[in-house]
Amino acid sequence: MLRQSIAAGSNSNPAFASPDRALVFEVIGPVEKFVEAVERIGFEWLTEDYANAELEDSSSTDDGDDETVVSSLMYITMPTVAGVERLLAMWNRFTAKRAPSVDEQEWWKVFGYLSTIRPWNATDRIDPATQAFIDRQLQRDPDAPVRLEVDLWYRGDPILRATAREGLQAVLDEVGGSVVDFVTIDPIRYQVALVEVPPEGAGGVQTRSGAVANADQIMSIRPQSFFRSNPNPDSGDAIIADEGFDAEDLRPAVAAILDGYPMANHRLLAGRVEVDEVDITGAMVPVTRRYHGTAIASLIIHGDLAAGEEPISRRLKAVPILAAPQGLSDERLDADYLPIGLIYRAVVALKAGLNGNPPTGPDVVLINHSVCDGEGSFIRRPSVWARLLDWMSLEYGVLFVVSAGNITREFPSGFADEASYVAATSVDRQASTMLAVEATKGIRGLLSPAEAMNVLTVGALHLDEAGVCPPGHVDPFPSFGVTNLGSAIGPGINRALKPDLVEAGGRQLASTADTSDGHVLWPRDTGILGQKAAAPDPIAGGLSRTARSTGTSNAAALVTRAGIKVVDALEEMLEAEGLDLSSFERRALATRALLVHGAAWRDHGEVLERIYPPLAPRQWRARRGSITQFLGFGRSDFTRVVAGDTNRITLLADDVISHEQLHEYRIPIPTSMIGTRELRRIVMTLAWSPPFHPTSISYRGAALDIVDADGKRDFWRGLKKVVQPHPDDVRRGTISHFVLEGENSAAFTDSAGLFVGVQARALSQNYRESPVPYALAITLEVAATVREDIYASVSAAVRAAVRPRARIQQ
């Protein structure tokens, strides 16, 4: 059994002087069981909220039934003194082995999960990662103040929130600190301050002593969120501007980037990018430093320039969130802002309007977010950054495309020394490097907010159009398109499948060295290989320079580019029905479903299936789980989704569903799928947006599944799942995706058509009445040798869209 911690906050109590003092409950066993026991009591003054994660208990598991055994910190808020006093009195009677009264019997069941109760203290407030961050800062400059993010206990009452802020200021005044920025976002129960603490005060936090470390107003203290992008040393190439391009021909933007300030007058971007300033202005970012946003905008509009693709026919919105401070060479999050505030205001400006102004991007469906927290590796609980993206995706009907993050840490190469590494054959070096990457999964976790559930998280494949690797450099995977050396991996929240997709992110070179700890390897981005995109010219100030780069940011940009094409296809479909894109309420969900719909592991998965441990045939489940952490659903072939063919058709449906409902879809069966044993394929993808409890351990409020007529996942006889993620890995998130293949015509004999069901289940009593929107994509395909035009025959049978039949599961 795993050790859990629950904390209960009180307004006042003789034993606890501060209204923000908290109790910690030591829980033995699954947290889900404890929460269920608490929910059965149903006291109005009792709510459960998720607070933090214990780093020492990292071996969380899942049995596939959503009863997750997770080591974590929770807190239970009780807004009355009487509630706290009653709880403590009951606990004392329980520990004295006294019999409960009739009203206390359910509480005795709750207490059965507890081993002790203690005050919430500095150990809970300050985790080892924060201590290490402060230690690094003080070693770098012992006389410099340290900036930290301080989470306050969130209170629903605005008066109590104001009191907490005043209390924090008083504590900071005591140590000579100050508040630099302060943000409150009520829907995600978030109240945080960016504070600056003098070296002495920071040292106290590092040792978990002193006024700040022991301030009862503070729930947790974290490193300041940090993102930095350095330009690579590539000298770059010049390009010729678009010929015959007229900006007036471009359609309105349906995508935006939250990134660095793009070089909007670059010849590849001029007339195509619309910059909306919110917090970061052009004066804060010299033109010669505008690398990251320029590259992302270029990749979205043109793709990898070396591939020679046509640019998209739409404008692109850009809201800068990265600054370029004087005296430095990189772009980074502005140190005077909380990044959550920057992102929140940027999205509000786009979709709702800020400070009384109209929205600047009301038609935006996709938001590329290739910025992450370099100090915030995901560790089981959703970060505030992820919670914000999940909430905004629902609130504003947008799809965030998020980069998984780049891990640049060195790791053991699997070789004894540099001499043996150099002497190895290319094949042996590739295989050993793949195994070394797999063996160091523990250091490759997602960088927040990539764990968010309502987003598309994208990892990077070791692919680009840069040609042969030049002599004198080591391409770690010259023969295989596996994930590149730095791509962060899953899983996500409650072990949900992440990343969702992988896409070409450029080939990263391998750097190696002999160290006292053995031979190590790390990824290197030199500009020799990678994807070519627009770039500033820091020397001549030209407007036509290009440069190569690698990473998950590039991969996310290419998925955003594909997403724009999907939105174009949706718009074309709607126009054929006399509708506008803006009238399609679930267009972001449909885009998410269709982007995943073409995904498969293909050659990447086959390579890893042969190499990754454990290799025993009976241990395929563990091996498949490991591959899923790297590839997610795989790389998507977007063209198969947006373009039909005579032997293939993709159908799209959308609706809302509630707890214990089953929506039934019947797909017309083409004659060729009945009368032939030729290979046929069915692909099903379901994307949904459940309600989220921002601070609950279960987090998502509902689960949806694709089922057969019996409410199971057996589907049709004669069809088997191809090599892909295990269903138990799939069902923990908000996307289900299955690829089925077979040659048995007996699977398609139901005259009513193929049955596909969408089934809903609330994961908390709070969401039993909450409708959940979803989009369902289904592709039918037969072998190219089959003569029937199934696109035409199925289209004729479907004709107009029919709402699904819904029935309640008994």
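List of remarks:
- Note that region 317-367 carries a Kirkwood radius of 12.2 Å, evaluated over its alpha carbons pair by pair.
- One decimal place: the segment GLU395-THR440 gains 12.4 nm when fully extended, by the rule 0.36 nm per residue minus the C-alpha distance.
- Under 5 Å, built H, 5+ apart or other chain: amide partners of ASP537: GLY542
- Three-way shape call for region 486-585 based on the alpha-carbon gyration tensor, with the a/c threshold at 1.5: oblate
- Compactness relative to 2.2 N^0.38 Å, alpha carbon Rg of region 294-441: 1.40
- Shown is the FRET efficiency for GLN131 and ARG228, computed with R0 = 22 Å from the Cβ-Cβ distance and rounded to the nearest 0.05: 0.50.
- Spin-label model, GLU585 to ASP517: label points 7 Å out along the Cα-to-beta-carbon direction sit 5.3 nm apart.
- For the residue pairs LYS351/LYS565; LYS441/LYS712; LYS317/LYS498; LYS109/LYS441, the alpha carbons lie more than 30 Å apart in LYS441/LYS712; LYS109/LYS441.
- The GLU575 and ASP157 beta-carbon pair, evaluated with R₀ = 60 Å, returns a calculated FRET efficiency of approximately 0.75.
- Across every direction, the projection of the convex hull enclosing the Cα atoms of region 357-398 has a mean area of 4.1 nm².
- Accessible area of region 428-561 belonging to carbon and sulfur atoms, whole % at 1.4 Å probe: 52 percent
- Per-bin percent of Cα-Cα distances, region 365-433 [5 Å]: 3, 12, 17, 14, 10, 8, 10, 10, 8, 5, 2, 0
- Region 439-543: C-alpha gyration tensor shape, a/c 1.5 cut-off, then a/b vs b/c: oblate
- D_trans [Stokes-Einstein, Kirkwood Rh over alpha-carbon pairs] for region 533-593, 4 °C, 1.567 mPa s, µm² s⁻¹: 91 µm²/s
- At an R0 of 45 angstrom, the distance between the Cβ atoms of ASP330 and GLU769 translates into a FRET efficiency of 0.35.
- Semi-axes of the equivalent ellipsoid for region 606-672, computed as √(5λ) from the eigenvalues of its C-alpha gyration tensor and ordered from largest down, come to 33, 20, 14 Å.
- To put it simply, the accessible area of region 262-330 at a 1.4 Å probe is 48 percent carbon and sulfur.
- Rg and Dmax of region 396-491, Cα atoms only, in Å: 15.8, 56
- Solvent-free Debye scattering, log10 I(q)/I(0), computed from the Cα coordinates of region 72-222 at q = 0.13, 0.15, 0.19 Å⁻¹: -0.70, -0.85, -1.12
- Rounded accessible area per residue of region 324-468, 1.4 Å, Å²: 34 Å²
- Kirkwood Rh and Cα Rg combined as Rg over Rh, evaluated for region 148-226: 0.95
The values are calculated or read from the model by the stated rules, or taken from the named source; none is laboratory data. Just so we're clear, the structure is a prediction, and the values are computed from it rather than from any experiment. All Cβ positions, even for glycine, are placed from backbone atoms using ideal geometry, and neighbour counts span all protein chains on display. When the accessible area is computed, the model is the full protein with side chains, heavy atoms only, and any ligands, DNA or RNA have been set aside. Shrake-Rupley method; radii C 1.70, N 1.55, O 1.52, S 1.80 Å.
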